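Comments concern the structure below.
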Amino acid sequence: MPGRQHSHGSVDAVVIGGGFYGSAIAIYLAKQRGFQNILLIERESALLTRASYNNQARVHNGYHYPRSFTTAYRSRINLPKFVRDWPDAVKSDFTKLYAIARRNSKVTARQFQRFCHEIGAKLEPADLALRQLFEPRLIEDVFLVEEYAFDAKRLASWAEEELLESGVQVVLGTSVTAISRGEDTTLKVTSSSNDGNEETISCRYVFNCTYSGLNQFGGDFPGTRTSLKQEITEMALMQVPPLMQGLGVTVMDGPFFSMMPFPARGLHTLSHVRYTPHLHWQDQRDIDPYQKLNDYYRETRVDRMVRDVGRYMPAVLNARYVESLFEVKTILVKNEGDDGRPILFEKHPELLGCYSVLGGKIDNIYDVLEKLDAEFIK
Ligand SMILES: Cc1cc2nc3c(=O)[nH]c(=O)nc-3n(C[C@H](O)[C@H](O)[C@H](O)COP(=O)(O)OP(=O)(O)OC[C@H]3O[C@@H](n4cnc5c(N)ncnc54)[C@H](O)[C@@H]3O)c2cc1C
């Protein structure tokens, strides 16, 4: 990966944030839109190390969203495209189960079946051996579904190769601190490297793909109009017992849990609706989410997760805890209740040429690229 060897002066576009979204957008601008001179700036020392790595790795296929038809429906459209475009990063060779809790679930098994039928998602009754993994007093029904997992390491390798091939200049270990209006139609981006070098770059376009950091800029950056909620989350990485190795499980729809393959490590993530979110706050300019996570005392809640999950699936009691992934999760305030995951795509009229993008989930990249297609019709 090319490091910073010289001052970048003036470029066509600066992409801020080298997660999946920033990388995919930079590649799209170079390959599909003919941008000549693109600079991608990432604060970490490698690409796709933040939310794009520290997540549940689920390629959604709708099942997870019985309370948000639009998100479920978009997932159904985007999953096949994601599988087509990143076949090497998609793990599909495991058995995926959705189980419906008898109590405290916002859906019944019957309602879940109807919902899957409505979104055209495949659903079959699980066989007896799989059902027997669950405590029947607590689980109403168990279904076999089609849902996959992605390997974030492979997505990172893809990004590195494609960025290089597309001629995008990648600058690592550098944070953008301000976005301002320049002369005429230009924008000015100020960055500061980890070793204290400051630089101002002028450009025509800025793509702010910083996920949790979306509002942490000085200069003329006005902030997003959409309100964001920040959450410190914990997912436990587990070595599961042989019985569960080829399995992914999600229990719906309330204060329950998921155990998904995490292909990048050959382990499973365990997440629990009650214990995974540690603390949350309303996003604002003077609370740097990355700093907040750094300062946070990371006391694992894996014991509480396992204790509760073991009531539903006793086999989990034999899983071995490896470590936890802590990350800041950023969602739109308006989706707190329905769990929907639409994209945020904002143009800032005060800063013409500056866009802020938040994907919500990995397959939403297609919704973002559709918006960009409409912006840059030639
Ligand atoms: C706990 C959790 C579970 C999730 N589970 C799933 C799931 O199962 N399936 C799914 O599809 N999605 C899931 N998601 C959502 C998914 O992770 C995100 O939608 C996706 O990773 C966002 O990609 P991104 O590129 O926008 O963010 P990131 O990967 O976080 O990239 C943003 C980058 O910007 C950099 N940055 C920030 N500020 C600056 C700055 N000022 N200057 C330079 N660089 C900066 C950061 O270092 C980071 O690398 C989950 C998220 C979390 C947190």
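Structural remarks
- Answer from 145, 168 - the residue that is surrounded by 14 or more Cβ atoms within 10 Å (Cβ to Cβ) and assigned by TED's automatic domain parsing to the domain that holds residue 316: 145
- Residue match in region 136-152 (condition: farther than 30 Å from residue 83 by Cβ, among the charged types (D, E, K, R) and away from the ligand (no atom under 14 Å from the Cβ)): yes
- Applying the criterion of being among the hydroxyl-bearing types (Ser, Thr, Tyr) and surrounded by 19 or more Cβ atoms within 10 Å (Cβ to Cβ) to the residues of region 4-44, the residue that is nearest to the ligand (Cβ to nearest atom) is 21.
- The residues on offer are 341, 311, 307, and the sole one that is crowded, with 21+ Cβ neighbours inside 10 Å and either modelled with pLDDT under 95 or under 21 Å from residue 104 (Cβ atoms) (or both) is 341.
Listed here are the residues, each with its yes/no results for (1) within 30 Å of residue 138 (Cβ to Cβ); (2) in contact (Cβ under 8 Å) with a residue 60 or more places away in the chain; (3) not assigned by TED's automatic domain parsing to the domain that holds residue 235.
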position: 16; (1), (2), (3): no, yes, yes
position: 19; (1), (2), (3): no, yes, yes
position: 39; (1), (2), (3): no, yes, yes
position: 79; (1), (2), (3): yes, yes, yes
position: 107; (1), (2), (3): yes, yes, no
position: 118; (1), (2), (3): yes, no, no
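- When residue 57 is tested against (1) under 27 Å from residue 334 (Cα atoms); (2) within 10 Å of the ligand (Cβ to nearest atom); (3) open to solvent by 10 Å² or more (accessible area, probe 1.4 Å), just one condition goes unmet, and that condition is (3).
- In this structure, residue 284 qualifies as within 24 Å of residue 44 (Cβ to Cβ), surrounded by fewer than 17 Cβ atoms within 10 Å (Cβ to Cβ) and more than 13 Å from the ligand (Cβ to nearest atom).
- Flag if residue 277 is surrounded by fewer than 18 Cβ atoms within 10 Å (Cβ to Cβ) and within 12 Å of the ligand (Cβ to nearest atom): yes
- Of the residues making up region 303-359, those that are more than 30 Å from residue 134 (Cβ to Cβ), in contact with a Pro (Cβ under 8 Å, 6 or more places away or on another chain) and not hydroxyl-bearing (Ser, Thr, Tyr) are 328, 332, 348, 350, 351.
- Taking the criterion of being under 21 Å from residue 245 (Cα atoms), surrounded by fewer than 16 Cβ atoms within 10 Å (Cβ to Cβ) and either charged (D, E, K, R) or within 14 Å of the ligand (Cβ to nearest atom) (or both), the residues of region 60-93 that qualify are 88, 93.
- Residue 47 meets the conditions (1) open to solvent by 30 Å² or more (accessible area, probe 1.4 Å); (2) assigned to a loop (DSSP other than H, G, I, E, B) in every case but one. The failed one is (1).
- Here is the figure for region 211-233: residues that are out of contact with any helix residue (DSSP H, G or I) (no Cβ under 8 Å at 6 or more places or on another chain) and either under 17 Å from residue 285 (Cα atoms) or free of Cβ contacts under 8 Å to residues at least 24 places away in the same chain (or both) total 9.
- In region 306-321, the count of residues that are within 15 Å of the ligand (Cβ to nearest atom) and of a type in the set (Lys, Arg) is zero.
- Condition broken by residue 361, with the remaining ones in (1) crowded, with 16+ Cβ neighbours inside 10 Å; (2) farther than 30 Å from residue 103 by Cβ satisfied: (2)
- Restricting attention to region 1-44, the residues that are assigned to a helix (DSSP H, G or I) and closer than 22 Å to residue 211 by Cβ total 11.
- Residue count for region 153-176, restricted to those that are within 25 Å of residue 246 (Cα to Cα) and touching a helix residue (DSSP H, G or I) at 6+ places or on another chain (Cβ under 8 Å): 2
- From 190, 177, 186, residue being open to solvent by 20 Å² or more (accessible area, probe 1.4 Å), outside the structural domain of residue 284 (by TED's automatic domain parsing) and more than 16 Å from the ligand (Cβ to nearest atom): 186
- Residue 128 being within 28 Å of residue 312 (Cα to Cα), away from the ligand (no atom under 13 Å from the Cβ), of a type in the set (A, V, I, L, M, F, W, C) and open to solvent by 20 Å² or more (accessible area, probe 1.4 Å): yes
- Residue check for residue 255: near the ligand (Cβ under 10 Å from one of its atoms), open to solvent by 20 Å² or more (accessible area, probe 1.4 Å) and under 30 Å from residue 134 (Cβ atoms): no
The values are calculated or read from the model by the stated rules, or taken from the named source; none is laboratory data. Given the structure is predicted, the values throughout are model-derived calculations rather than measurements. Using ideal geometry, Cβ is built from the backbone for each residue, glycine included, and neighbour counts are taken over all protein chains shown. Note: accessible area is taken over every heavy atom of the protein model, side chains too, but ligands, DNA and RNA are not part of it. Shrake-Rupley method; radii C 1.70, N 1.55, O 1.52, S 1.80 Å.
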